[in-house]
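The values are calculated or read from the model by the stated rules, or taken from the named source; none is laboratory data. Keep in mind it's a predicted model, so treat the numbers as computed, not measured. Reconstructed Cβ throughout: ideal geometry from the backbone, glycine too, with neighbour counts over all protein chains shown. Just so you know, the surface numbers come from the protein's heavy atoms only, side chains and all, with ligands and any DNA or RNA stripped out. Shrake-Rupley method; radii C 1.70, N 1.55, O 1.52, S 1.80 Å.
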Amino acid sequence: MNQSDSERIRSVIEGMGYELTKIEEEADLIGVVACSVRQKSIDKVYSKIQKWNQWKNNRSLITFVSGCILPSDEAKFLKLFDLIFRMSELPELPTMIQQCGVILEFSAHHLFDDLEREDDRTDFWQVEPTYSSRFEAFVPIQNGCDKFCTYCAVPYTRGREVSRSSAAVLEEVETLVENGVKSITLLGQNVNSYGLDKKGEELSFAELFRAVGELGKRSGKEFWVYFTSPHPRDMTRDVIEVIAQYDCLAKQIHLPVQSGDEEILRRMNRNHSIDAYRKIVSDIRELLPTATLFTDIIVGFSGETEAQVEASAKLMEEVGFNMAYIAKYSPRVGALSASWEDDISLEQKGERLAKLTKILKRTSLACNEQMVGKTYRVLIERVDKRMKEALSARTEGRILVRILHAPEELIGTFQNVRITSAANLSLTGELV
Ligand code: SAH
Ligand code: SF4
């Protein structure tokens, strides 16, 4: 979502005549799209702005911050940054920057004072993004969340759920497809609640996804469409049925479970049981037999016992995830659980994370080993970050494949690759 927001911010700033630079030191205007999901990323913002404010002793520089910001950080950011704006205020950014430039000449600090109001304006979605890739794109379809999981910052940083109009979503997807984009991800903090805020007037998530599938079928082009992040509560069987019916709807499901323990799920306010999660997994296995399954898990939630970690471990073994984003619990000011004791030490959280990571590596290796010797369609993405002599690609299920001796011109294309070996979280293959 932050990458997608940045692509729209970039369009607005470039529209003012600014040019992108990759060299931080030479920027006249510099900003950050913050993430408040965990404290670690917010700490990074504080260290960046301190550095930038030091630069200001020697030269002029305008700084801004946007994205997900908790009210407690907002107050501090107001003192540190020249500009702070919500994405809903993006269309006003040029005016803010111009005013800021004038005020800075008198070395005053420019503050925006309307951050308190509830704001569900979504005009910023009409800003055409400057996509950062020519073959991979993110399309926001929904913003905010009404679920209020007790640990989560999102309802406080992004506000209530608002769905983008399906006509606008489909138009953006169609343009991307016409332009030859190969991988499209529909985005939302709670993506499959799409339409629930406009019941009766707007499509449901399943209906929207079906319309994307139809669009793909009509286009005759090859591309994969993903969505993230869904909530198990809204992951209805009709969504899975739709995915099964269209080639362009990728057979990869990211379904955060957060914990394998009923009591923890209850205290997280997730509002579903482990059995309900199991039922979705079995629907996926039945209707999408080739699909890969990803999840998110939190370790060290307030009051989590060793037995409860064991329950998460057991669920991971049982489901056999291809990928899991395992996070150490981090209390977020304003979220309900922040008022409960953060009683699991960082060391214990680290141990729990290591324990679950070990299981993930084992289950993903088992899935990957089954792929050796077979041929898969992959999208080639880039020169590999670790092995410079290889290109990295992803299968439809988003499993990383390193391809040796492949020409860089293939970046951004689909190719057939025979898998030659499997590792924990990746594969090696050769072009067919
Ligand atoms: N809407 C999605 C998740 C969005 S937040 C869902 O309902 O599952 C992305 C991920 O960040 C979450 O899945 C969770 O695993 C992690 N996360 C959110 N709040 C966190 C916190 N306070 N501490 C640690 N991890 C957290
Ligand atoms: Fe946060 Fe997801 Fe829960 Fe919403 S559903 S509160 S985004 S974890």
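Couple of notes before you dig in:
- Placing R0 at 22 angstrom, the Cβ-Cβ distance between Thr130 and Lys56 gives a FRET efficiency of 0.25 after rounding to 0.05.
- Accessible-area composition of the chain, carbon plus sulfur, in percent [1.4 Å probe]: 51
- Annotation for Thr290 and Asp238: the two label points, set 7 Å from Cα along the Cα-Cβ direction, are 2.7 nm apart.
- The stretch 372-432 versus the stretch 136-173: alpha-carbon centroid distance in Å: 32
- Separation between Cα centres of the stretch 254-306 and the stretch 30-102, rounded to whole Å: 35
- Within-14-Å neighbourhood charge of Ser133 [Cβ basis; K, R +1; D, E -1]: +2
- Summing charges over neighbours of Ile42, with a neighbour being any other residue whose Cβ is under 14 Å away from its Cβ, gives +3 when K and R count +1 and D and E count -1.
- Structural descriptor for the chain: relative contact order 11 percent, calculated from alpha carbon pairs under 8 angstrom and at least 6 residues apart.
- Per residue, in Å², the accessible surface of the chain once ligands and nucleic acids are set aside, probe 1.4 Å: 46
- Taking other residues whose beta carbon is less than 15 angstrom from the beta carbon of Glu222, and scoring Lys, Arg as +1 and Asp, Glu as -1, yields +3.
- Residue-level accessible surface for Trp55, protein heavy atoms, 1.4 Å, Å²: 50
- Dividing the helix sum by the residues of the chain, where each DSSP H run of 4 or more adds -39500 (n - 2.57), gives a mean residue ellipticity at 222 nm of -11000 deg cm²/dmol.
- DSSP bridge pairs, the stretch 375-431: antiparallel proportion in percent, nearest 5: 85
- Rounded to the nearest 20 debye, the dipole size of the chain about its Cα centre is 1280 debye, using +1 on the Cβ of Lys and Arg and -1 on the Cβ of Asp and Glu.
- Pairs exceeding a 22 Å alpha-carbon distance, out of Lys22/Lys328; Lys251/Lys279; Lys51/Lys79; Lys314/Lys361: Lys22/Lys328.
- Debye intensity ratio I(q)/I(0), log10, the chain, q values 0.07, 0.08, 0.09 Å⁻¹ (C-alpha model): -0.37, -0.49, -0.63
- Considering only the chain, percent of DSSP beta bridges that pair antiparallel, nearest 5: 40
- Charge dipole of the chain about the Cα centre (unit charges at C-beta), most positive-ward option of Tyr277, Cys367, Val162: Cys367
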